[in-house]
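This report refers to the structure that appears directly beneath it.
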Amino acid sequence: MPRLARLDITGLLQHVIVRGIERRDIFNDDHDRQLFVDRLFSLLLETGVRCYAWALLSNHVHLLLMPTSTPLSYFMRRLLTGYAISFNRRNKRSGHLFQNRYKSIVCEEEPYLLELVRYIHLNPLRAGMVTNLEELDLYPWSGHAVLIGNRKIDAQETGAILERFGKNITTAKQNYRQFVSEGIKTGRRDDLVGGGLKRSQGERENNEYESFDERVLGGGDFVDSLKQESTLRDKMKSGISLTRLLEIVSVTVMLDPDLVRKPSKSRVPAAARGIICHLAIFELGYTGSEVGKFLHLGPTGVSLASRRGEKILKSDPVMLKEIMDSINK
């Protein structure tokens, strides 16, 4: 799919993932890590950006941030550019250190804030940087040690997290640690790195599919609310119209577009409608109601057609590639 613009707006929770170019290491030793942490928390204090969780690994970084007045793009540019210059100078290297684009996922606070804090802080354990929770408690390169009181960093937002685990600070820290411990057995959480609703909708029994956006971790109502934000409205529109998608699919199946939109139980038109439904909802971000209106289908019809289209595309990867290549032109 064409590269989508970041959803950069203050007041929204953002899960940011930064990776080294070609997945190379971005830290050679603890001195490098300290340089990054010092720069991170200096900028947090300077810009008012809130940080709820963070973790440094060998070749990537996780941050859970909420910009308040400074755009995320400005904050990240200063963080990454400044660190890259220091890293290159210290390690006598030149060239890019990070992938061109950091990944940022807008997250709905409830129910995802605490789940993301746990997910991010467990990353060093999953990556083998530490071997158990006791070592993670002392690991200096994540926000977990700060939350349980083993390290003090004023710029990290601890109160907003711990208050959700109890009024007494000691009890809250214990409850938070138990919460993290319970997350160890769940393993990797792909549903927490964006587009989670998109991945799960295929198993939904509802006739109407909710809105989704691969840059958003949240429910359909949350996605719809973002679409109403004046600064995000244009960024959240699909780059491909339903009319254009109809044309692409019709050419692929060698059928007149009018026949595809015309109600019919004939096999080829029905297959084309299924492909359109599936791609429009799961790749282009249209709602089921928008697709149904365009194809003259009710909610149940859209649901059934989408499942049919998914099966067709899974069984014919050549067709899928041909369609996606046309969409991406």
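The values are calculated or read from the model by the stated rules, or taken from the named source; none is laboratory data. For clarity, every value in this text was computed on a predicted model and none was experimentally measured. We place every Cβ from the backbone using ideal geometry, glycine too, and count neighbours over all the protein chains shown. Ligands, DNA and RNA are stripped out before the accessible areas are found, and what is left, the full protein with its side chains, is counted by its heavy atoms. Shrake-Rupley method; radii C 1.70, N 1.55, O 1.52, S 1.80 Å.
Looking at the chain, send over the antiparallel percent of its DSSP beta bridges, to the nearest 5.
Expressed as a percentage, antiparallel bridges in the chain total about 85.
Helix 72-90 versus the longest principal axis of the chain: what is the Cα-based angle in degrees, 0 to 90, to the nearest 10?
60 degrees
Ordering MET66, MET129, MET319 from largest to smallest accessible area (1.4 angstrom probe), what's the sequence?
Largest accessible area first, the residues go MET129, MET319, MET66.
Compute the separation of the alpha-carbon centres of the stretch 5-35 and the stretch 102-134 and state it in Å as a whole number.
The stretch 5-35 and the stretch 102-134 have Cα centres spaced 14 Å from each other.
Going toward the positive end of the dipole of the stretch 1-160, with +1 on Lys and Arg Cβ and -1 on Asp and Glu Cβ, which of THR158, PRO124, ILE26 do you reach last?
ILE26
Pick from GLY143, GLY219, GLY298: which residue has the top mean-square fluctuation in a GNM of the chain where Cα pairs under 10 Å get a spring?
Checking each option, the largest mean-square fluctuation is seen for GLY298.
Quick one: angle between helix 299-315 and the longest Cα principal axis of the chain, in degrees between 0 and 90, rounded to 10, please.
80 degrees
Sorted by packing (mean other beta-carbon atoms within 10 Å per residue), highest first, where do 306-313, 117-124, 79-86 land?
117-124, 306-313, 79-86
For a test of the definition: using alpha carbon positions, the gyration tensor, and the 1.5 limit on a/c, classify the stretch 235-329 as rounded, prolate or oblate.
Here the stretch 235-329 falls in the rounded category.
Cα axis of helix 317-328 to longest principal axis of the chain: angle in degrees, 0 to 90, nearest 10?
The angle comes out near 80 degrees.
Give, as ranges by residue number, the residues of the stretch 115-134 whose backbone N falls under 20 Å from the point 7 Å along Cα→Cβ of ASN28.
Within reach of a label on ASN28: no residues.
Ignoring ligands, DNA and RNA, how do LEU125, LEU192 rank by accessible area with a 1.4 Å probe, largest first?
Ranked list, largest accessible area first: LEU125, LEU192.
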